[in-house]
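**Q** Take this structure first; my questions come after.
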Amino acid sequence: MTVRDKVVLITGATGALGGATAQAFARAGARLALTARSEERLEKLANSLNLSADRLLTLAADVTDSTLVNHLVGQTVSYFGRVDALLHVAGGYRGGKTVAETELDDLDFMLELNLKSTFLICQAVLPHMVTQAWGRIVAIGARAAVRPTRRSGAYAASKAALIALIETIAAEVKGSGITANVILPSTIDTPTNRQFMPKADFGKWVPPDQIAAAMLYLCSDEAASISGARIPVYGGA
């Protein structure tokens, strides 16, 4: 199983999961295009990877902006000549209210961040993958999309829509050499989550590097027959 020399675009690269993913794919020999909103945090991540300039591209971008997304993918292809894999890690959570209490702005925010960003980045990379007859798309969903809990309606709905989108893409690219899958983590063990839930049992949460390992497999030639799948990574939760 290898992703050596594959060009891998990672969104949300400076978050806890994005950073672990970048580290895992760098160790595996991939060429990386990394994006997040903060140039400063991207530079810090880039320095930690110890990759030569010809194997690393960083571009600050808001992946809910269609113009910036198209520029990001265009620059990636211009720099590396292709884009082999998209790891769409960017996303977020806003909750804590019942559906009856949820503000419309919160719903719009969740749909923008979790659904629209996925639509835009997939739409931008797919023509390149179709041309080269090879590609891997892996998006990060959430267990809440298939097992919703109280006070997370907008978040759960946005992630459920993300699943439907990726499954649609998988159906559309069937037989083309491209696969599209969704990973569904439970709570990820990150500093932010520990801060917000200090009394939780962290041992039941999912370490970011285990999610990154699942992405590594899904991007390999050995996973060519896996497409349209919902991959549960629930840990002990």
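**Q** Would you say residue 32 is part of a strand (DSSP E or B), buried (at least 22 other Cβ atoms within 10 Å of the Cβ), under 16 Å from the mean Cα position of the chain (by Cα) and free of Cβ contacts under 8 Å to residues at least 40 places away in the same chain?
**A** For residue 32, the condition - part of a strand (DSSP E or B), buried (at least 22 other Cβ atoms within 10 Å of the Cβ), under 16 Å from the mean Cα position of the chain (by Cα) and free of Cβ contacts under 8 Å to residues at least 40 places away in the same chain - is met.
**Q** Could you tell me whether region 160-175 includes any residue that is more than 21 Å from the chain's Cα centre (by Cα) and free of Cβ contacts under 8 Å to residues at least 24 places away in the same chain?
**A** Looking through region 160-175, at least one residue is more than 21 Å from the chain's Cα centre (by Cα) and free of Cβ contacts under 8 Å to residues at least 24 places away in the same chain.
**Q** Oh, and also: Answer with yes or no whether residue 172 is out of contact with any strand residue (DSSP E or B) (no Cβ under 7 Å at 6 or more places or on another chain) and loosely packed, with under 15 Cβ neighbours inside 10 Å.
**A** On the way: out of contact with any strand residue (DSSP E or B) (no Cβ under 7 Å at 6 or more places or on another chain): yes; loosely packed, with under 15 Cβ neighbours inside 10 Å: yes.
Yes: the conditions hold for residue 172.
**Q** Now for a separate question. Right, residue 51: modelled with pLDDT of 95 or more, out of contact with any Ser or Thr (no Cβ under 7 Å at 6 or more places or on another chain), aliphatic (A, V, I, L, M) and assigned to a loop (DSSP other than H, G, I, E, B) or not? Full working, then the answer.
**A** Values: modelled with pLDDT of 95 or more: yes; out of contact with any Ser or Thr (no Cβ under 7 Å at 6 or more places or on another chain): yes; aliphatic (A, V, I, L, M): yes; assigned to a loop (DSSP other than H, G, I, E, B): yes.
Spelling it out, residue 51 is indeed modelled with pLDDT of 95 or more, out of contact with any Ser or Thr (no Cβ under 7 Å at 6 or more places or on another chain), aliphatic (A, V, I, L, M) and assigned to a loop (DSSP other than H, G, I, E, B).
**Q** When residue 54 is evaluated against the numbered criteria (1) surrounded by fewer than 17 Cβ atoms within 10 Å (Cβ to Cβ); (2) in contact (Cβ under 8 Å) with a residue 24 or more places away in the chain, which criterion, by number, is the only one it fails?
**A** Of everything listed in (1) surrounded by fewer than 17 Cβ atoms within 10 Å (Cβ to Cβ); (2) in contact (Cβ under 8 Å) with a residue 24 or more places away in the chain, residue 54 misses just condition (2).
**Q** Consider region 190-204. How many of its residues are in contact with a helix residue (DSSP H, G or I) (Cβ under 7 Å, 6 or more places away or on another chain), in contact (Cβ under 8 Å) with a residue 24 or more places away in the chain and not hydroxyl-bearing (Ser, Thr, Tyr)?
**A** Final tally of qualifying residues: 1.
**Q** Out of curiosity, is residue 101 among the charged types (D, E, K, R) and under 20 Å from residue 220 (Cα atoms)?
**A** Judged against the criteria, residue 101 is not a match.
**Q** Which condition number does residue 138 fail, the rest of (1) crowded, with 20+ Cβ neighbours inside 10 Å; (2) of a type in the set (Val, Ile, Thr); (3) in a helix (DSSP H, G or I) being met?
**A** Here residue 138 meets the rest and fails (3).
**Q** May I pose another question? Quick one: which of 59, 17, 45, 68 is within 18 Å of the chain's Cα centre (by Cα) and under 22 Å from residue 132 (Cβ atoms)?
**A** 59
**Q** With the condition kept exactly as written, say whether any residue in region 146-153 is of a type outside the set (A, V, I, L, M) and under 19 Å from the mean Cα position of the chain (by Cα).
**A** Step one: filter region 146-153 for residues of a type outside the set (A, V, I, L, M), giving 147-153.
Narrowing further to those that are under 19 Å from the mean Cα position of the chain (by Cα): none.
No, there is no match, as no residue in region 146-153 is of a type outside the set (A, V, I, L, M) and under 19 Å from the mean Cα position of the chain (by Cα).
**Q** Looking at 144, 180, 161, which is the one that is in contact with a helix residue (DSSP H, G or I) (Cβ under 6 Å, 6 or more places away or on another chain), modelled with pLDDT of 95 or more and outside any helix (DSSP H, G or I)?
**A** On inspection, the qualifying residue turns out to be 180.
The values are calculated or read from the model by the stated rules, or taken from the named source; none is laboratory data. Since this is a predicted model, take the numbers as computed values, not measurements. So basically every Cβ, Gly included, is an ideal-geometry build from the backbone, and we count neighbours across all protein chains shown.
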